[in-house]
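Asks: Starting off with a structure, shown below.
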Amino acid sequence: TYPYYCTEQITSRFMPAVFVHRLLANTKIDKSGPVETKQLEEIINDGIQRLNNQQHPDGGWGWWTENESDPFLTAYAYLALFEAKNDGFTVADQTLKRAQDCLEEKLAKDEQKTPLDTQAYIIYVLKGAKVNLSSYAANLFERRFELSLESRAYLVMAMKDMPGMGERARRLHDELVG
């Protein structure tokens with residue numbers, strides 16, 4: 001259960017519901033065990049509303065409403081909202097744009113304060129936003145051995161579709177699986 005409704009709990013509750021809902025919709029099934037599509041939609045819409053209400057003026061989210069925006073949590077919440085919107089749920093374009101701007105600013109202006117692993121996650125999360133993050137990805141590629149394995153995986157998934165990054169993405173992929 002998620003009794004406190006901090007940003008992480010809200011997102012961790014509704015993002016899996018988005019993916020299960022997507023799976024049920026793609027397979028044309030109305031329920032999965034005791035979980036019905038309508039229940040999933042209620043969880044998703046509740047999460048979207050809660051995140052809308054907790055978004056900070058800078059476009060980010062903190063652990064709690066009163067905490068300053070955290071780059072990782074902002075990326076996590078953005079990804080959940082982005083996926084929900086892609087599946088046809090109502091997510092305001094402005095909510096996503098404000099979060100995207102916040103994340104881009106964390107890469108551009110707060111690069112020294114934003115941990116490298118978080119930067120890799122941000123680049124992965126923003127890949128669907130059609131933003132040119134090649135220079136940030138190239139920088140992280142050069143520093144890839146400072147990244148966790150998970151972050152290197154996020155980086156390769158982001159880089160594989162970036163213009164001019166194919167060779168680096170293949171090299172990083174080969175390093176990860178080799």
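The values are calculated or read from the model by the stated rules, or taken from the named source; none is laboratory data. The structure presented is a predicted model; accordingly, all values stated were derived computationally and were not measured. Neighbour counts are summed over all protein chains in view; Cβ atoms, including those assigned to glycine, are modelled from backbone coordinates with ideal geometry. Note: areas computed on protein heavy atoms with side chains; ligands, DNA, RNA excluded. Shrake-Rupley method; radii C 1.70, N 1.55, O 1.52, S 1.80 Å.
Asks: Which value, in Å² and to the nearest 10, is the accessible area of Val177 when all protein chains are kept and the probe is 1.4 Å?
Replies: 100 Å²
Asks: Expected output is a single nm value to one decimal: the length gained when fully extending between Lys97 and Arg143, i.e. 0.36 nm times separation in residues minus the C-alpha distance. What is it? Could the numbers behind the result be given before it?
Replies: On the way: separation 46, 0.36 × 46 = 16.56 nm, distance 2.85 nm.
Result for the pair: 13.7 nm of gain on full extension.
Asks: Per residue, how much accessible area does the stretch 13-125 show when a 1.4 Å probe rolls over the protein heavy atoms, in square angstrom? Provide the component values of the computation, followed by the final result.
Replies: Values: 5890 Å² over 113 residues.
Ligands and nucleic acids excluded, the result is 52 Å² per residue.
Asks: Roughly how many debye, to the nearest 20, is the charge dipole of the stretch 53-156 about its Cα centre, given +1 on each Lys and Arg Cβ, -1 on each Asp and Glu Cβ, and no other charges? Each step should come with its number before you reach the end.
Replies: Numbers: 11 positive and 16 negative charges, 67 e Å.
That gives the stretch 53-156 a dipole magnitude of about 320 debye.
Asks: Something else about it: Okay, helix-only estimate at 222 nm for the chain: each DSSP H run of n ≥ 4 adds -39500 (n - 2.57), divide by all residues, round to 500 deg cm²/dmol; what do you get?
Replies: Values: 8 runs with 113 residues, N = 178.
That comes out to -20500 deg cm²/dmol.
Asks: Only one of the values (i) 10, 35, 32, 20, 3; (ii) 9, 37, 36, 13, 4, 0; (iii) 8, 28, 24, 18, 13, 7, 1, 0 was calculated from this structure for P(r) over Cα pairs in 10 Å bins from 0, in percent; name its label.
Replies: Of the listed options (i) 10, 35, 32, 20, 3; (ii) 9, 37, 36, 13, 4, 0; (iii) 8, 28, 24, 18, 13, 7, 1, 0, (i) comes from this structure.
Asks: Just the number, please: carbon plus sulfur as a percent of the accessible area of the stretch 26-178, 1.4 Å probe, no ligands or DNA/RNA counted.
Replies: Values: 4100 of 8470 Å².
Here carbon and sulfur together make up 48 percent of the probe-accessible area.
Asks: Two decimals, Cα atoms only, Kirkwood Rh: what is Rg/Rh over the stretch 82-166?
Replies: Working: Rg = 13.1 Å, Rh = 13.3 Å.
Looking at the stretch 82-166, the ratio lands at 0.98.
Asks: With everything on Cα atoms, drop me the angle between helix 149-159 and the longest principal axis of the chain, reported from 0 to 90° to the nearest 10.
Replies: 90 degrees
Asks: Given a Förster distance of 35 angstrom, what is the FRET efficiency for Lys113 paired with Arg22, based on the Cβ-Cβ distance and rounded to 0.05? Can you show the working numbers first?
Replies: Details: r = 35 Å, r/R0 = 0.99.
Here the calculated transfer efficiency is 0.50.
Asks: Modelled label-to-label distance, Ile29 and Asn45, 7 Å Cα→beta-carbon offset: nm?
Replies: 2.4 nm
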